[in-house]
Number of protein chains: 2
Amino acid sequence: MTASTSLFILHPRLNLYYKPCTTILFPSRLNIYLRHFSQAPTVPLFSSISFALRRNRRLGIPGNFISQNLRTHSFSPCSAIPAQSVSLNSSDNDGGGGRSGALSSPPVMEVLEKIDVNPPKGTRDFPPEEMRLRNWLFHNFREVSRLFGFEEVDYPVLESEALFIRKAGEEIRDQLYSFEDRGNRRVALRPELTPSLARLVIQKGKSVSLPLKWFAIGQCWRYERMTRGRRREHYQWNMDIIGVPEVTAEAELISSIVTFLKRLGITASDVGFKVSSRKVLQEVLRRYSIPDNLFGQVCIIIDKIEKIPQDEIKRELNSAGIAEDAVFDLLQILSVKSLDKLEEVLGSAGDAVADLKQLFSLAEKFGYSEWIQFDASIVRGLAYYTGIVFEGFDREGKLRAICGGGRYDRLLSTFGGNDIPACGFGFGDAVIVELLKEKGLLPDLSLQVQNIVCPLDQELQGAAATVATILRQKGQSVDLVLQNKPLKWVFKRAARINAGRLILVGNSEWQRGMVGVKILSTGEQYEIKLNDLD
Amino acid sequence: MTASTSLFILHPRLNLYYKPCTTILFPSRLNIYLRHFSQAPTVPLFSSISFALRRNRRLGIPGNFISQNLRTHSFSPCSAIPAQSVSLNSSDNDGGGGRSGALSSPPVMEVLEKIDVNPPKGTRDFPPEEMRLRNWLFHNFREVSRLFGFEEVDYPVLESEALFIRKAGEEIRDQLYSFEDRGNRRVALRPELTPSLARLVIQKGKSVSLPLKWFAIGQCWRYERMTRGRRREHYQWNMDIIGVPEVTAEAELISSIVTFLKRLGITASDVGFKVSSRKVLQEVLRRYSIPDNLFGQVCIIIDKIEKIPQDEIKRELNSAGIAEDAVFDLLQILSVKSLDKLEEVLGSAGDAVADLKQLFSLAEKFGYSEWIQFDASIVRGLAYYTGIVFEGFDREGKLRAICGGGRYDRLLSTFGGNDIPACGFGFGDAVIVELLKEKGLLPDLSLQVQNIVCPLDQELQGAAATVATILRQKGQSVDLVLQNKPLKWVFKRAARINAGRLILVGNSEWQRGMVGVKILSTGEQYEIKLNDLD
């Protein structure tokens, strides 16, 4: 009869106390979790749960495995069951296809699984305080975009997987949240916004007049290994200029980021931009007659230079078909940190030097010279960049890149579209918050409700509703007290929501068409006619 | 040697013209799409592509299937290739593991697929005009929520699948966008926001003080069959009150929806709310001693009453374990359309009648009596509702429900949490826009940029950047002309973006520290010192 055991797995975070008792008692609000039934270790019969717990502990069996014969042993919870433990209803108890009805087969309970109260790994909830920060950040993204005359756009979070699959060996490809939908389409949660932008621009075709200046604030997903400060989703502010081949476009984009950072109180001594151009690498490749189609792949390999050993970089470049001497030259040029030196190496005939010189000259006119510096090692990890590339970094070197972008003049053609010169940047919502924390620049954002309206007895709930409605019609925010609560409670709530005024609806005042007002900052109190309230 | 054919699939939307020629010519910017190579029908060799096209058409083979032996036949495009057709680079031609190098195996080209320029089926892009509408709508959601003292929250779009899997047979379960992530977790794009809210409330536990008044505007996903106006994603405005058992909470929620609708110009003759309580059904079930745990399932079945035949409803109720007489009573009560009649049927002792009476009384005080009506047939399709339920509908009966909500006092315990009385609603972004269209209430939202700044020659691009920066620092929005363009073009652009002023940066003025200003609405023109510009 040892087969007649049922295995309970109690949630390890539940703090239960048991006393042996003789009747089977399942309080309807006791949580009992039975899971992984078939895989669970078989543990001999015990005379009581507390004994089982002790024995399990001794045997090294996790504390949440408890074996118990339902027919001969039972338990009831004592007082210390936390309020979180609930919901075993009778259907869970008497249903289930696993039981045979005989004495040897006691009822098998339906498998219940306690919900993990945390969001999936790498994702975030936004409770009110976090949401206020997010809204404040997004408001600044939007305000700066508005100042620069950009229009907001968005795309589906779920796109065709094909949109993100490029051949250059980008990290992004292996990090896709992709799956097959119920219609057998390969789809993916977008890891970035630019491919969707390109898709939409192609779709719009000649119906839009260039240049387009578009911005978006969208959530992006990457299945990355989780390390400190790295999550699997983030929001990204993108600004893109479609249809301008001149470097003025990149200069304008960097200006908008600088404007944003300044609004937040960040200075050029906190953040800088490293700027280069992929044309630098391209000019080296052309010297060695390396076909243009290897360009993206070479950039992706070189972008990894700070993450993997240089020998590995060399090997990868070799196996991509780049000869030893070209590899040497490529790696040499990455160490160049000034435009003069670059001109020395590349000559002044090519576009790379000309573009960069123009950008630095424009930066002066825009007023952000002290924010930017040339650095040939900046390549960026996306295959589609073709010209200027840039990256925002914290000067203390503690954080990942704050933002990054560049020119991608040939992205549209990889999707079967007509190429249009374009550039843009992505600016995540995570690193900037880290930086603001570091610099003590996080704003103080608390809930503020203008009025709290409270009926003084239950019969006046309707009257209070009328008062709240009148105030709301006048554009005033109102927290209406919906329950019969003591005034002490109301004052506490008023403080929590930073209410400006407390409006009390009392019987005698109400009969005279009046309400009581208390200005909470000063303590000032008065009665006012309902119609005069505003 | 018939094995030595390669199959090309040219994109059907490409409008190519071919002339036979004798050399293999792959212009680097000609798009050739080769897909489904292994499954493609084998088509005999043709001497020219145009012949192949003609023959295919004759045979009824789709126009985009063309068979061509690379070694013996070739083609080159003539002038009429549209600019959209691009990007077959040499790596696509000479790479690939599929070829063996022998004459009998011509090079197999790498598979390229032209990107579908449309968003995945059932999803939307938000180009600027759509985004302005969405922002306007969301702004109104937020404004009303603010007036009611609600705090904004959000949750991950991607949640654990378990959060959405309930046993009551809801439609929602079969419509989940769910998949296994790279860490073998079952996850789902959220189909609704309430389960995430419940999860977060449980997580927060005693750290938050009740009642919570939270709102969220989040994208939700359902894999539904596509019909007119039905998409697979929508944004949903949710407002929830956690911690108030009284009907005042539901009354407040409906008041906020009415406030929202009024802001948009919608009246009580356009939209109404049908209100009932699930306690009506519960009281019937209890009469027949039907266990409470069948309640959710019964509601889900009854909610389908307008979609499937009544016999089918009866059958489903029977097989759920409801006896004939109870089924009869349940279906009877659904036709009740007045509170008086309901009281007649149920008696006045139960909560159902009391709750509803209180709600209608409060509606009067809130000032929205003419918007609501009792209708026992309203049940709502989510298993977790326990009390008042309501649904907004267009009085012309053309559209799906505009919004819906109700009380869900026992949701938290199904996730292993401590039950807290709660109610809330969801309000989608799709039906309301349909309604606004119907009623001619869609707002006119056009792009408006305050200034357009234009250098009069290329050398002044930097000067124009300076002017733009000064204006932006003063909070003015500026569209900076980034290219050297004729004035005619600039005026056209100014009109398109509804610019208020055109600021012209000319050489002689600039040397005097001046710029030219043209007020575009009046045609007024003047010069102004740079420093006086604001």
With the cut-off at 32 Å, tell me which of the pairs B:Lys204/B:Lys357; A:Lys314/A:Lys357; A:Lys121/B:Lys114; A:Lys365/A:Lys439 have Cα atoms farther apart than that.
B:Lys204/B:Lys357; A:Lys121/B:Lys114
FRET efficiency, 1/(1 + (r/R0)^6) with R0 56 Å, evaluated for B:Asp457 and B:Arg315 via beta carbons
0.10
At a 10 angstrom cut-off on C-beta neighbours, averaged per residue, how do the peptides A:242-252, B:341-351, B:267-277 rank from highest to lowest?
A:242-252, B:267-277, B:341-351
With a 1.4 Å probe, how much accessible area is buried between chains B and A, both sides summed, in Å² to the nearest hundred?
9300 Å²
Per residue value of the accessible surface for the range B:172-239 (all protein chains in place, 1.4 Å probe), Å²:
37 Å²
Taking the Cα centre as origin and putting +1 on Lys and Arg beta-carbons and -1 on Asp and Glu beta-carbons, what dipole magnitude results for the range B:378-479, to the nearest 20 debye?
400 debye
Residues of type aspartates and glutamates that B:Lys485 reaches as a straight line, Cα spacing below 15 Å, ignoring anything fewer than 8 places off in the same chain:
A:Glu246, B:Asp457, B:Glu459
Local electrostatic count, B:Ile308, Cβ distance below 13 Å [Lys/Arg +1, Asp/Glu -1]:
-2
Where Rh denotes the Kirkwood radius from the mean inverse Cα pair distance, what is Rg over Rh for the range B:397-479?
1.39
What FRET efficiency comes out for A:Lys337 versus A:Ser269 if R0 is 30 angstrom and r is the Cβ-Cβ distance? Round to the nearest 0.05.
0.95
Within the set of other residues whose C-beta is less than 13 Å from the C-beta of B:Glu129, count the net charge using Lys and Arg as +1 and Asp and Glu as -1.
-1
Ignore the peptide's own chain and count Cβ atoms of other chains within 10 Å of each Cβ in B:254-261; give me the average, rounded.
1
Lys/Arg Cβ at +1, Asp/Glu Cβ at -1, dipole of the range B:451-532 taken about the Cα centre: which of B:Val517, B:Asn531, B:Ala495 is farthest positive-ward?
B:Ala495
For A:Lys341, go through the aspartates and glutamates and keep the ones whose alpha-carbon is under 13 Å away, minus same-chain ones fewer than eight residues off.
A:Asp375
Probe 1.4 Å, heavy atoms of protein chains only: per residue, the accessible area of the range B:346-439 in Å² is 32 Å²
Evaluated at 25 °C and 0.890 mPa s, the Stokes-Einstein D of the range B:385-534 based on the Kirkwood radius over Cα pairs, in µm²/s, stands at 123 µm²/s
Among all the aspartates and glutamates, which ones have a C-alpha under 13 Å from A:Lys167's C-alpha, if same-chain residues fewer than 8 places away are not counted?
B:Asp92, B:Glu110, B:Glu113
Which residue in chain B puts its Cβ closest to the axis that rotates chain B onto chain A, and at what distance in whole Å?
B:Phe179, 2
Residue-averaged beta-carbon neighbours from other chains (10 angstrom radius) around B:494-500:
1
Inter-label distance for A:Glu143 and A:Asp174, nm, one decimal - labels placed 7 Å from Cα along Cα-to-Cβ:
4.2 nm
Whole-Å semi-axes of the ellipsoid equivalent to the range B:451-532 (Cα gyration tensor, √5λ, descending)
17, 14, 13
With Cβ to Cβ distances under 15 Å as the rule, what net charge do the other residues near A:Asn498 carry (K, R +1; D, E -1)?
+4
Say a label goes 7 Å from Cα toward Cβ at A:Glu324 in every copy; what distances in nm does this one have to the rest, shortest first?
9.5
At least 40 Å² of accessible area lost relative to the chain alone, listed for the range A:223-249 with a 1.4 Å probe:
A:Tyr223, A:Glu246, A:Thr248
Using alpha carbon centers only, the range A:194-258 is separated from the range B:173-247 by a whole-angstrom value of 28 Å
Structure shown: which of B:Lys437/B:Lys518; A:Lys307/A:Lys437; A:Lys529/B:Lys206; B:Lys279/B:Lys304 lie over 28 Å apart, alpha-carbon to alpha-carbon?
B:Lys437/B:Lys518; A:Lys529/B:Lys206
For the range A:351-371, which residues drop by 20 square angstrom or more in accessible area between the chain on its own and all protein chains together (1.4 Å probe)?
A:Leu362, A:Lys365, A:Phe366
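The values are calculated or read from the model by the stated rules, or taken from the named source; none is laboratory data. Only a predicted model underlies this, so the values are computations on that prediction, with no experimental measurement involved. Please note: Cβ atoms are built from the backbone with ideal geometry, for glycine as well, and neighbour counts cover all protein chains shown. For the accessible areas, the whole protein counts, side chains as well, though only heavy atoms, and no ligand, DNA or RNA atoms are used. Shrake-Rupley method; radii C 1.70, N 1.55, O 1.52, S 1.80 Å.
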